[in-house]
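Below: one structure, written as structure tokens.
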């Protein structure tokens, strides 16, 4: 049976900005200041995974004005006095060189 799952959808900056409802320049500022969604570089191109954009949006989700929420979406400006944003660690397969179990020989 063929695998019908599609790879994650990757959006370039103009598409991602349109999805988020902001200008591409604002999204570029978020990237520069480290306040925006997680992005990837493929060659010289910046791309955003659709699920990362949705996670960034969810970080600002609130149910009332008194709700502290689970995270903060900061404005696109320098963050000198703010705590660093948590960044997910890349998923790398375990190999002998990065903490995995060495293969058995024999």
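Every number here is computed from the coordinates shown, using simple stated rules; none is lab data. Computed from a prediction, not measured in an experiment: that's the story for all the values here. Note: ideal-geometry Cβ built from the backbone for every residue, glycine included; neighbour counts use all protein chains shown.
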- prompt: Is the shape of the stretch 8-60 rounded, prolate or oblate, going by the alpha carbon gyration tensor and its root eigenvalues a ≥ b ≥ c, with a/c under 1.5 for rounded and a/b larger than b/c for prolate?
  reply: rounded
task: Please order 28, 52 by the number of other Cβ within 10 Å, starting at the fewest.
output: 28, 52
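Full-extension gain between residue 55 and residue 18, please, as 0.36 nm times their residue separation minus the C-alpha to C-alpha distance.
Details: separation 37, 0.36 × 37 = 13.32 nm, distance 1.61 nm.
Gain on stretching residue 55 to residue 18: 11.7 nm.
In what order do 23, 64 fall by count of nearby beta-carbon atoms within 10 Å, going from fewest to most? Please list the in-between numbers first.
On the way: 23 12, 64 6.
In increasing order of surrounding Cβ atoms, one gets 64, 23.
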